[in-house]
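Worksheet for the structure shown next.
No value in this document is a laboratory result; all are computed from the given coordinates. None of these values were measured; they are calculated from a predicted model. Backbone-built Cβ (ideal geometry, glycine too); neighbour counts: all protein chains shown.
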Amino acid sequence: MPDQFLIGILFGFIVSLASYYARFLDLSGAVATFILAVIVFGIGGWPWTGPIMAFFVSSSLLSRYGRSRKRQFDAAFEKSSTRDWGQVAANGGIAGVLVIVSAAFPVHDFYPLYLGAIAAVTADTWGTEIGLLTKGKTVSILTLRPVDKGTSGGVSEAGVIGGLSGAGLIALLGSFWYPDFLTAIVVVAAGGIGSTADSILGATLQAQYECVVCGKGTERRQHCAEPARLARGIAWVNNDVVNVVCAAAGAAVAWALMII
């Protein structure tokens, strides 16, 4: 529908521009968000746009909330709270593909899978941000031994509850257009399991480096102005790759639960 795509172009431009000036996105992230917004709104309209907008806005605000307290963890993460195109693609790419596939194969219902993908990345982001803000203990998802906050694969009680709350928000929004209680439960479960897969991958295959100057662990290839040493994981498996897997896992879990 040409009119809907025109509205999508205007909508995407406004959202991208506002997010760029709010420093939620850098220039590459703003361009990627514009493209994604045109695809999602142009094809799916508000039923598909509402949930992904809720993820983006809530995650951006959470990333900025308590910045003074979270600044001490900045060096542990590969990227900042100002998202680039890679982060936009990693978190929203699977959802965008599902929108296109749903238009290509309208006889199949891809909406629950779409919600599952968004619920997973929302749960992951909310869990991380809320976990950094709280004082509770953070443990490795594999060994349950205490680890520093911000460590890949680390989970906390507050983070888990926060993550499920994020998934619940996506399920709630989706229910306005898909009013089925069972599907809402599926979406929350997909979000929780998808974010758990993210944590497991973060604790195993995601690249983790050690600074050769200060000895701190980090996701960054360079720390203290020096190349960092790969301590564990695979070099090309960075946080963006892990987020793609998180979204894909959320969609896959939603699909599996819907056909049971």
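Structure notes:
- P(r) weight above 26 Å for the chain, C-alpha pairs, percent: 39
- Springs between Cα atoms under 10 Å define the GNM used for the chain, and in it the highest mean-square fluctuation of 65, 114, 209 occurs at 65.
- Axis angle, to the nearest 10 degrees, between helix 157-175 and the longest C-alpha principal axis of the chain: 10 degrees.
- Remark: the stretch 43-52, residue by residue, has Karplus-estimated 3J(HN,Hα) of 8, x, x, 5, x, 8, 7, x, x, 6 Hz, where x stands for each Gly or Pro and the curve is 6.51 cos²θ - 1.76 cosθ + 1.60 at θ = phi - 60°.
- Remark: relative contact order (the chain) = 20 percent; criterion is Cα-Cα distance under 8 angstrom and separation of 6 or more residues.
- As a length-normalised measure over Cα pairs under 8 Å and 6 or more apart, the relative contact order of the stretch 108-160 settles at 33 percent.
- For the chain, the longest principal axis of the C-alpha atoms and the axis of helix 181-204 are separated by about 30°.
- Per-residue Cβ neighbour counts within 10 Å put 143, 49, 33 in the sequence 143, 49, 33, beginning with the fewest.
- Distance between the pseudo-spin-label points of residue 255 and residue 17 (7 Å out from Cα toward the beta carbon): 3.8 nm.
- Extension gain for residue 31-residue 143 works out to 36.3 nm (0.36 nm per residue, less the C-alpha to C-alpha distance).
- Between residue 3 and residue 185, the FRET efficiency from the beta-carbon distance, with R0 = 35 Å, is close to 0.45.
- Annotation: the antiparallel percentage among DSSP beta bridges lying fully within the stretch 51-259 is about 90.
- Comparing 126, 48, 177 in a Gaussian network model of the chain where C-alpha atoms under 10 Å apart are linked, the largest mean-square fluctuation is found at 177.
- Computing FRET efficiency as 1/(1 + (r/R0)^6) for residue 133 and residue 225, where r is the C-beta to C-beta distance and R0 is 41 Å, gives about 0.90.
- Among 170, 234, 39, residue whose mean-square fluctuation peaks in a GNM of the chain (springs only between Cα atoms under 10 Å): 234
- Multiplying the residue separation of residue 64 and residue 108 by 0.36 nm and removing their Cα-Cα distance gives an extension gain of 12.0 nm.
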